[in-house]
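Derivation of every value follows stated rules applied to the coordinates shown; laboratory data play no part. Please read all numbers here as calculations on a predicted model, not as lab measurements. Glycine gets a Cβ as well: all are built from the backbone with ideal geometry, and neighbour counts include every protein chain shown.
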Amino acid sequence: MTTITQTTGKTGFFKKIFGRESQPYANAYLGGILLGLVLFISYLITGNGLGASGGLSRYVAFIEDLIAPGHMDRVPYLIAMAGGQRNPLDSWIVMVSTGVIIGGFVSGLINGRTKFETNKGPNISNRTRWIFAFVGGTFFTYGARLARGCTSGQALSGGATLSAGSWATMFAIFGGAYALAYFVRKLWN
Amino acid sequence: MIPFPLHLDAIFVKFGVYLIFLGIGFLFGFVLETSGFNHSPTLAAQFYFKDLRVFKVFFTAIVVAMLLIFASSAIGLLDFNLIWVNPTYLWSGIVGGLIMGVGFILGGFCPGTSLVALATLKIDGIFFVLGGLFGVFLFGETVDSFTHFFNTSGYFGRVTLMDVFNLPTGMIVILVTLMAIFMLWGGEQLERIFGGKDPKKAPKARYTGAAVFVILAVTIAFIGQPTTVDRWERQAPEKQAALEAGEFQIHPGELLDTIHDSKLNLVMLDVRSEADYNLFHLLDAENITIAEIPNNIDKFIAQPANTLFVLMSNDEAAATEAWKIMVAESVPNVYILEGGINNWLDTFTTEFESEYCASGKEGADDELRYDFSAALGSGCPAAYPNHELVHDMEFEKKIKMELKRAPSGGGCG
């Protein structure tokens with residue numbers, strides 16, 4: 001099959017799906033059960049839960065270590081990842097994050113959802129969306145580092161193992177977002 | 001031995017271990033994409049009660065994973081002591097959580113979902129990931145100015161909801177399940193009011209699912225989590241024989257060698273009464289009652305991989321009892337001082353001690369058979385003998401350090 005026929009085939013498929021207004025994505029509860037199974041399998045086999053921001057953190061440490069290795073050896077927080085001869089990418093969490101990208105890509109490709117686009121609220125421009133996405137990303141991972149985990153590593157994984165601190169963090173994440181939602185409603189509505 | 005989690009480092013070479021984590025990441029990403037987590041307006045819509053898809057996926061996943069984890073722990077398939085439970089740093093966790101909430105509503109993603117959005121070429125996702133990398137960079141550069149807050153504020157270690165509410169695991173599992181079902185039901189009502197969605201259109205199977213969750217939770221509570229005694233009985237056939245064959249009782253000479261081995265993190269636990277401990281104990285030995293040991297298992301397991309535990313009592317009875325508890329609870333590398341403190345003193349007493357302590361005192365098993373005229377504590381030569389004394393001794397070396405099985409770092413490393 002050539003690329004062109006594949007693309008046109010996909011468009012038709014897409015139209016059919018959106019035309020019926022049925023769900024292009026899996027049912028939410030089904031998705032939840034599958035996600036829960038993956039999380040359980042992770043604990044069963046490895047003893048560890050899932051995570052994402054830890055991988056990002058180590059990608060950054062890797063780049064920083066290339067540029068300023070001396071600097072990495074002076075900050076205790078960074079030494080733990082990239083001190084001396086240590087390779088910050090030599091960690092299981094980097095593997096998980098990399099796997100997430102591959103898995104997302106494959107699923108998106110199979111379901112025809114891998115395409116260049118900007119998803120946003122109806123009343124803002126693409127550029128506004130991009131700026132807020134960048135700012136949001138900065139806030140999110142800063143908070144995730146402070147809380148020692150994001151929605152995956154703290155809320156989801158710690159939630160399932162009934163960690164007290166993770167439940168507090170989970171409520172803080174949702175609390176923070178709900179508290180601010182009204183004031184930034186223009187972004188999404 | 002409880003079969004799961006697998007002892008990955010012992011079974012596979014590093015490459016294999018990494019392939020496993022890559023595979024788990026793959027499944028994680030695949031499911032996130034399938035559930036629609038790469039679409040930022042859907043993620044944001046939950047905060048306006050219009051579309052609670054993300055909320056539903058999230059809480060369903062927590063309940064499913066929780067039920068499976070505690071069910072497999074109940075039937076002895078999974079060792080809960082050996083899985084990573086996020087330690088509680090309460091205040092940095094809450095402040096960090098609030099900041100994450102801000103990032104969530106502004107950016108429309110969280111780190112995991114943004115990676116999936118990036119993978120499916122969503123431009124807003126790519127910007128979020130770039131911002132995320134910048135946020136990580138900022139944190140690394142600023143954390144030095146609030147290290148104290150970051151590392152200590154509200155630190156409680158490995159604490160679960162069971163500890164906080166002082167309820168049995170099964171009860172917490174039931175409560176969390178019921179709460180989640182209530183929240184999912186509430187979510188559907190909110191969607192109906194704010195998002196104009198008709199809950200009647202959703203598949204009826206979800207009622208069956210909810211019922212299955214509740215039945216499973218009640219079953220878990222009914223079976224109960226394994227106690228220390230249950231855990232010991234599972235291992236007894238294998239471990240009892242080794243114990244009786246003397247495989248875990250180390251000669252005082254071997255302990256002295258170990259004290260002087262800087263590659264090991266030696267933890268000596270003295271399980272005698274405080275009175276005996278004050279009369280004489282080894283330098284750096286920690287006094288702990290047997291009743292206190294079960295409360296410290298998490299701390300023991302969290303120790304570095306080169307940690308060696310040596311238990312001691314006056315003879316061996318109390319130390320052996322403590323050993324069984326620790327081994328049953330999956331603490332690695334636990335040994336007993338052969339012949340206890342009495343044997344240690346027989347081996348290492350110097351002229352100095354003979355002035356203050358007389359041997360040959362009558363005593364029942366596991367009682368101190370030395371008579372001290374002063375409470376020497378660790379302030380005498382026998383508490384920290386010269387390493388050279390080992391050279392004249394003959395003994396069988398028994399310590400075999402095993403690789404640590406429990407993960408030493410969590411999800412967001």
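Over region B:1-153, what is the relative contact order in percent, taking alpha-carbon pairs closer than 8 angstrom and at least six residues apart?
About 27 percent, as a whole number.
For region B:229-392, the convex hull spanned by the alpha carbon atoms encloses 119 Å³ per residue.
Between B:V85, B:V13, B:V218, the residue with the greatest mean-square fluctuation in the GNM of chain B (Cα pairs under 10 Å linked by springs) is B:V13.
Taking square-rooted eigenvalues a ≥ b ≥ c of the alpha carbon gyration tensor, is region B:8-227 rounded, prolate or oblate, where a/c under 1.5 means rounded and, failing that, a/b exceeding b/c means prolate? Spell out each step's value before the answer.
Working: a/c = 1.43, a/b = 1.06, b/c = 1.35.
The shape class here is rounded.
Spin-label model, B:T152/B:Y356: points 7 Å from Cα along the beta carbon direction are separated by 3.4 nm. Each residue of region B:315-407 gets 143 Å³ once the volume of the Cα convex hull is shared out per residue. The fewest-to-most ranking of B:S72, B:S373 by surrounding Cβ atoms within 10 Å reads B:S373, B:S72. Please grab the % of Cα pairs in region A:91-172 that end up more than 22 Å from each other. Percentage above 22 Å: 49. Amide H contacts of B:T160 (H built 1.01 Å from N, in plane; Pro and chain starts excluded): A:A164 sit under 5 Å, all sequence-distant by 5 or more or on other chains. Computed across the protein assembly as shown, the Kirkwood hydrodynamic radius from all distinct Cα-Cα pairs reaches 26.5 Å. For B:L308, nonlocal amide neighbours, meaning residues 5 or more places apart or on other chains whose placed amide H falls under 5 Å from its own, are B:N265, B:L266, B:V267. Taking θ as phi - 60° and the Karplus parameters 6.51, -1.76 and 1.60, the scalar couplings of region B:53-67 work out to 3, 5, 4, 5, 4, 4, 6, 4, 4, 4, 5, 4, 5, 4, 4 Hz in sequence order, x denoting glycine and proline.
Could you work out the equivalent-ellipsoid semi-axes for chain B, taking the square root of 5 times each eigenvalue of the Cα gyration tensor, largest first, in whole Å? List each step's numbers first, then the result.
On the way: eigenvalues 562, 118, 77 Å².
So the equivalent ellipsoid measures 53, 24, 20 Å along its semi-axes.
Of the GluC sites (Glu not before Pro) found in region B:343-404, those in coil by DSSP whose Cβ has at most 11 other Cβ atoms within 10 Å are B:E362, B:E394, B:E396, B:E402.
Report Rg(Cα)/(2.2 N^0.38 Å) for region B:1-107, keeping two decimals. The partial results should precede the final answer.
On the way: Rg = 17.7 Å, N = 107, 2.2 N^0.38 = 13.0 Å.
After normalising by residue count via 2.2 N^0.38 Å, the value is 1.36.
Checking the cross-link pairs B:K299/B:K400; B:K56/B:K200; B:K122/B:K204; B:K263/B:K397; B:K239/B:K400; B:K14/B:K397 against a 24 Å limit on the alpha carbon distance flags B:K122/B:K204; B:K14/B:K397 as lying beyond it.
Taking a ≥ b ≥ c as the square roots of the Cα gyration tensor eigenvalues, region A:53-189 comes out prolate, since a/c reaches at least 1.5 and a/b is larger than b/c.
Taking the Cβ of B:L115 as the center, what net charge do the other residues with Cβ under 14 Å away carry, scoring Lys and Arg +1 and Asp and Glu -1? It works out to a net charge of 0.
Shown in residue order for region A:31-37 are the 3J(HN,Hα) couplings computed by the Karplus curve 6.51 cos²θ - 1.76 cosθ + 1.60 at θ = phi - 60°: x, x, 5, 4, 4, x, 5 Hz (x for Gly and Pro). Near the amide H of B:G377, within less than 5 Å, lie the amide hydrogens of B:L279, B:F280, B:H281, all on another chain or at least 5 residues away, with H placed in the peptide plane. Taking the DSSP beta bridges in the protein assembly as shown as the whole, what percent of them are antiparallel, to the nearest 5? Close to 25 percent. For region B:81-90, putting each phi into the Karplus relation 6.51 cos²θ - 1.76 cosθ + 1.60 with θ = phi - 60° gives couplings of 4, 9, 9, 6, 10, 3, x, 8, 10, 4 Hz, in residue order, rounded to whole numbers and with x for Gly and Pro.
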